[in-house]
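Worksheet: the structure to be examined is printed underneath.
The values are calculated or read from the model by the stated rules, or taken from the named source; none is laboratory data. Note that this is a predicted model, so its numbers are computed, not measured. Every residue, glycine as well, gets a Cβ built from its backbone with ideal geometry; the counts of neighbours run over all protein chains shown. Remember, those area values only see protein heavy atoms, side chains included, never the ligands or the DNA or RNA. Shrake-Rupley method; radii C 1.70, N 1.55, O 1.52, S 1.80 Å.
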Amino acid sequence: MSTTAKQKILIVDDEPDILELIEYNLKKEGYQVHLAHNGQEAVAEAKKVLPDLIVLDIMMPKMDGIEACRIMRTMPEFKNTFMVFLTARSEEYSEIAGFNVGADDYIAKPIKPRALVSRINAILRRNTGTDEVSDNKLEVGDLVIDRESYLVYQNGAKVVLAKKEFELLYLLASKPGKVYTREVILKNIWEDSVVVTNRTIDVHIRKLREKLGEMYVSTVKGVGYKFEYTN
């Protein structure tokens with residue numbers, strides 16, 4: 001892929017099999033892949049190669065992924081580097097801790113190569129502007145979201161959404177995989193309205209799921225919501 005040829009990814013995990021699996025699949029996509037085995041190695045390697053994206057396991061010897069991410073986020077050279085956590089742990093607190101130190105996304109083990117590559121492609125497109133957006137029309141998976149007509153088409157069938165439901169969907173789908181906090185959603189969709197609460201967001205998310213299905217909008221507990229679409 002021409003869009004990935006110049007992009008560098010650093011994979012950090014203490015399990016050789018995991019490193020090999022991710023390296024193989026990302027190299028097939030044309031990415032330049034670098035490896036590290038713990039948080040200390042990750043910081044040192046990142047300084048040398050300046051990757052566009054870093055995939056960090058959370059539980060590692062010497063220095064875990066949370067601490068490595070926290071350290072790198074204090075360094076100017078990694079201000080715009082994407083940080084993605086890879087972990088087998090599903091506890092809510094570990095996910096929240098990851099976002100608190102500056103993670104951009106969170107991928108759970110066991111790894112599904114196609115889903116992992118799809119997620120990483122989507123994350124890196126946030127910087128390259130290669131999302132399929134044209135004339136206020138956004139195409140993601142089997143959805144076409146037309147901002148001019150405020151209509152959504154799912155597999156060619158028209159889905160009518162209320163104005164705020166549409167704006168919420170468009171915001172989330174404009175950057176698949178990006179987690180939007182409740183505060184950011186309120187600011188972008190409802191601006192300074194004093195009558196809107198977090199409950200309002202929950203209701204609109206529920207309505208989107210009722211009309212489109214459960215597979216598009218994911219809840220990141222304690223943080224917010226994100227749009228996800230995988231084949």
* To do: Check cross-link reach from K137 to the aspartates and glutamates: straight Cα distance under 17 Å, and skip same-chain residues fewer than eight apart.
  => D146, E148, E165, E167
* To do: Keeping the other protein chains in place, figure out the carbon and sulfur percent of the accessible area of the chain, with a 1.4 Å probe.
  => 49 percent
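Between beta-carbons, use under 14 Å as the cut-off and find the net charge around E77, counting Lys and Arg +1, Asp and Glu -1. Spell out each step's value before the answer.
Numbers: positive: K8, K47, K48, R73, K79; negative: E45, D52.
Taking every Cβ under 14 Å from that of E77, the sum is +3.
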* To do: Please give the FRET efficiency for K158 paired with N188, using the beta carbon to beta carbon distance and R0 = 30 Å, rounded to the nearest 0.05.
  => 0.75
* To do: Provide the percentage of antiparallel DSSP beta bridges, counting only those with both residues in the chain; round to the nearest 5.
  => 55 percent
* Asked: Taking K48 as the anchor, which lysines have their alpha carbon closer than 17 Å to its alpha carbon, excluding any fewer than eight residues away along the same chain?
  -> K6, K8, K79
* **Inter-label distance for R125 and S149, nm, one decimal - labels placed 7 Å from Cα along Cα-to-Cβ** => 2.2 nm
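Cross-link list K112/K226; K163/K211; K109/K207: which exceed 23 angstrom alpha carbon to alpha carbon? Can you show the working numbers first?
Details: K112/K226 19 Å; K163/K211 14 Å; K109/K207 30 Å.
Exceeds cut-off: K109/K207.
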